[in-house]
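Chemist: Supplied in structure tokens, the structure appears directly below.
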Amino acid sequence: MKVLFVLENYYPNIGGVEKLFKTLAESLPPKGYSVSVLTRKSEKDLPEHEVINGVNIYRIKTFNRLFFSLFSIPKALKLAKEADIIHTSSYSAALPARIAAKLSGTPSLITFHEVWDKLWYKLPFTSYLLKRAYRIYERSILKLKFSEFVAVSESTASALKKAGVKQSISTIYNGINYDDYRKEWKKPEEFSFCYLGRLGISKGLEMLVPAAINFIKLHPEVKFKLISPSHPISIYNYIVNEFDKAGLSNNLIHYESPRPEKLQEILFSSSCIVIPSQSEGFCFVAAEAVALGVPILSNLNTALKEVVGGKHILIEPLNTDGVINALNKAYESNFQEIMVKEYHLETSVDSYLKLYDRLILSS
């Protein structure tokens with residue numbers, strides 16, 4: 001079987017989506033599958049074609065991810081003619097994938113991570129016009145006639161149905177390899193807290209940053225560990241500048257793209273991880289924190305109520321004061337216990353393989 005992935009971002013980009021597809025793509029060649037990935041050339045030093053762990057990666061140079069939707073169509077169509085199935089993801093890769101699938105007669109599926117709908121208008125760090133444009137684009141993707149929509153949680157499946165998706169919707173949870181998380185967190189002697197993940201507009205950073213600053217003013221010895229890329233540069237600069245203005249630049253430690261071993265070391269030395277997201281489709285960060293036993297401070301909205309487990313403090317209300325209250329409870333080790341659920345990578349991969357077979361047989 002020949003599988004074509006059309007993806008907005010792929011390794012070495014960092015994020016839950018990238019991790020899902022890298023793991024899925026690299027699990028297929030050992031099983032006898034031929035795998036190609038068409039993606040955006042996100043860094044100038046990346047080659048236009050290379051093979052990593054049996055996966056053929058083709059990169060298209062574009063000004064930004066929205067231009068990828070248009071400029072990747074010719075290459076997507078060429079690769080689609082040799083593929084048995086096309087697998088894509090929301091958002092920018094969906095249009096070229098669907099066009100290539102339609103013109104080549106190849107069955108296709110889209111993994112949808114989140115549906116924001118009206119939430120777009122409540123998010124910070126971008127203009128109203130862009131929010132409106134993104135919402136219109138999201139709704140247009142939801143109307144594309146893929147063979148199957150895949151939701152990464154029951155929360156996302158419910159959102160897809162509410163948004164009016166008529167096609168079949170399957171729920172396939174993202175998975176992690178629990179063999180990579182054998183160590184168990186132990187309470188460190190010195191209190192620190194961390195944020196892990198993309199600097200996204202839905203991640204609650206507009207609440208977390210002022211909350212972190214106010215909390216550290218009460219506890220000057222505390223460090224805030226920011227584990228993230230340094231882009232978008234506007235959001236990264238916002239975080240750094242706010243700490244500088246507060247005279248707390250020494251309390252902010254930034255780790256950019258640490259290796260897995262170093263990442264676990266950082267998490268084990270942290271007292272808790274803060275996830276103040278407005279929305280999560282699955283949340284790899286929460287799943288990994290649960291696997292390591294690291295306490296989580298979060299709301300339980302959207303998919304977080306499905307993934308979060310172990311030691312936990314509820315951020316309620318979901319605003320700056322709510323984050324400060326949660327940090328105060330964490331400082332006193334006032335955690336509650338939530339039942340732990342596991343989401344295994346092998347289960348996720350097997351579910352996708354069965355779906356590929358079903359879609360090909362029915363095409």
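The values are calculated or read from the model by the stated rules, or taken from the named source; none is laboratory data. No experiment lies behind these values; they were computed from the predicted model shown. Glycine also receives a Cβ, built like all others from the backbone with ideal geometry; neighbour counts cover every protein chain displayed.
Chemist: Can you confirm whether the stretch 60-70 contains a residue that is over 27 Å from Ser277 (Cβ atoms) and surrounded by 17 or more Cβ atoms within 10 Å (Cβ to Cβ)? Steps first, answer last, please.
Modeler: Of all residues in the stretch 60-70, those over 27 Å from Ser277 (Cβ atoms) come to 60-63, 67, 70.
When the remaining residues are screened for being surrounded by 17 or more Cβ atoms within 10 Å (Cβ to Cβ), the result is 60, 62.
Scanning the stretch 60-70 turns up at least one residue that is over 27 Å from Ser277 (Cβ atoms) and surrounded by 17 or more Cβ atoms within 10 Å (Cβ to Cβ).
Chemist: Kindly provide the set of residues from the stretch 301-355 that are hydroxyl-bearing (Ser, Thr, Tyr), within 22 Å of the chain's Cα centre (by Cα) and modelled with pLDDT of 95 or more, ordered by number.
Modeler: In the first step, residues of the stretch 301-355 are kept if they are hydroxyl-bearing (Ser, Thr, Tyr); the result is 302, 320, 331, 333, 343, 347-348, 351-352.
Subset that is within 22 Å of the chain's Cα centre (by Cα): 302, 343, 347-348, 351-352.
Selection gives Thr302, Tyr343, Ser351, Tyr352.
Chemist: Within the stretch 75-95, is there a residue that is hydrophobic (A, V, I, L, M, F, W, C), modelled with pLDDT of 95 or more and surrounded by fewer than 19 Cβ atoms within 10 Å (Cβ to Cβ)? Steps first, please.
Modeler: Initial filter on the stretch 75-95 (hydrophobic (A, V, I, L, M, F, W, C)): 76-77, 79-80, 83, 85-86, 93-95.
Remaining after also requiring modelled with pLDDT of 95 or more: 76-77, 79-80, 83, 85-86, 93-95.
Retained after the next criterion (residues that are surrounded by fewer than 19 Cβ atoms within 10 Å (Cβ to Cβ)): 77.
Yes.
Chemist: May I pose another question? What residue, of Leu248, Leu267, is under 23 Å from Asn299 (Cα atoms) and touching a residue at least 12 places away in the same chain (Cβ under 8 Å)?
Modeler: Leu267
Chemist: So, of the residues in the stretch 83-99 that are among the hydrophobic types (A, V, I, L, M, F, W, C) and in contact with a Pro (Cβ under 9 Å, 6 or more places away or on another chain), which turns out to be nearest to Ser158 (Cα to Cα)?
Modeler: The residue in question is Ile86.
Chemist: When Glu261 is evaluated against the numbered criteria (1) farther than 20 Å from Ser192 by Cα; (2) among the charged types (D, E, K, R); (3) surrounded by fewer than 17 Cβ atoms within 10 Å (Cβ to Cβ), which criterion, by number, is the only one it fails?
Modeler: Single failed check for Glu261: (1).
Chemist: Further question: May I ask you to list the residues in the stretch 168-180 that are surrounded by 19 or more Cβ atoms within 10 Å (Cβ to Cβ) and among the aromatic types (Phe, Trp, Tyr)?
Modeler: Listed by number, the list holds a single entry, Tyr173.
Chemist: Just to verify a result, which residue in the stretch 120-145, among those that are in contact with a helix residue (DSSP H, G or I) (Cβ under 9 Å, 6 or more places away or on another chain) and within 17 Å of Lys161 (Cβ to Cβ), is surrounded by the fewest Cβ atoms within 10 Å (Cβ to Cβ)?
Modeler: By that ranking, first place goes to Lys145.
Chemist: Scan the stretch 127-170 for residues that are over 21 Å from Ala93 (Cβ atoms), under 21 Å from the mean Cα position of the chain (by Cα) and among the polar types (S, T, N, Q) and report the count.
Modeler: Result for the stretch 127-170: 2.
Chemist: Further question on the same structure: For Ile213, only one of the following conditions fails: (1) over 20 Å from the mean Cα position of the chain (by Cα); (2) in a loop (DSSP other than H, G, I, E, B); (3) aliphatic (A, V, I, L, M). What is its number?
Modeler: (2)
Chemist: Checking the conditions here, which among Ile296, Ile360, Ile313 is surrounded by 18 or more Cβ atoms within 10 Å (Cβ to Cβ) and touching a residue at least 40 places away in the same chain (Cβ under 8 Å)?
Modeler: The match here is Ile313.
Chemist: Does the stretch 316-357 hold any residues that are under 30 Å from Pro107 (Cα atoms), among the β-branched types (Val, Ile, Thr) and surrounded by fewer than 16 Cβ atoms within 10 Å (Cβ to Cβ), and which are they?
Modeler: First, pick out the residues of the stretch 316-357 that are under 30 Å from Pro107 (Cα atoms): 343-357.
Subsequent filtering for residues that are among the β-branched types (Val, Ile, Thr) retains 347, 349.
The answer is Thr347, and nothing else.
Chemist: Provide a single number: the residues in the stretch 336-357 that are among the aromatic types (Phe, Trp, Tyr) and without any contact (Cβ under 8 Å) to a residue 60 or more places away in the chain.
Modeler: 0
Chemist: Only one of these conditions is not met by Ile110: (1) within 30 Å of Asn319 (Cβ to Cβ); (2) crowded, with 18+ Cβ neighbours inside 10 Å; (3) in contact (Cβ under 8 Å) with a residue 40 or more places away in the chain. Which number is it?
Modeler: (1)
Chemist: Name the helices (runs of 4 or more DSSP H) wholly inside the stretch 282-347 in which the number of residues that are closer than 24 Å to Pro260 by Cβ is 1 or more.
Modeler: Working: elements: 284-292, 304-307, 320-331.
Fully inside the stretch 282-347 and qualifying: 284-292, 304-307.
Chemist: Among the residues in the stretch 184-205, are any in a helix (DSSP H, G or I), under 19 Å from Gln278 (Cβ atoms) and at pLDDT 95 or above?
Modeler: Filtering the stretch 184-205 for residues in a helix (DSSP H, G or I) gives 205.
With under 19 Å from Gln278 (Cβ atoms) added as a condition, the list becomes 205.
Keeping just the survivors that are at pLDDT 95 or above gives 205.
Within the stretch 184-205, one or more residues are in a helix (DSSP H, G or I), under 19 Å from Gln278 (Cβ atoms) and at pLDDT 95 or above.
Chemist: Would you point out which residue out of Val150, Val165 is crowded, with 18+ Cβ neighbours inside 10 Å and part of a loop (DSSP other than H, G, I, E, B)?
Modeler: Among Val150, Val165, only Val165 is crowded, with 18+ Cβ neighbours inside 10 Å and part of a loop (DSSP other than H, G, I, E, B).
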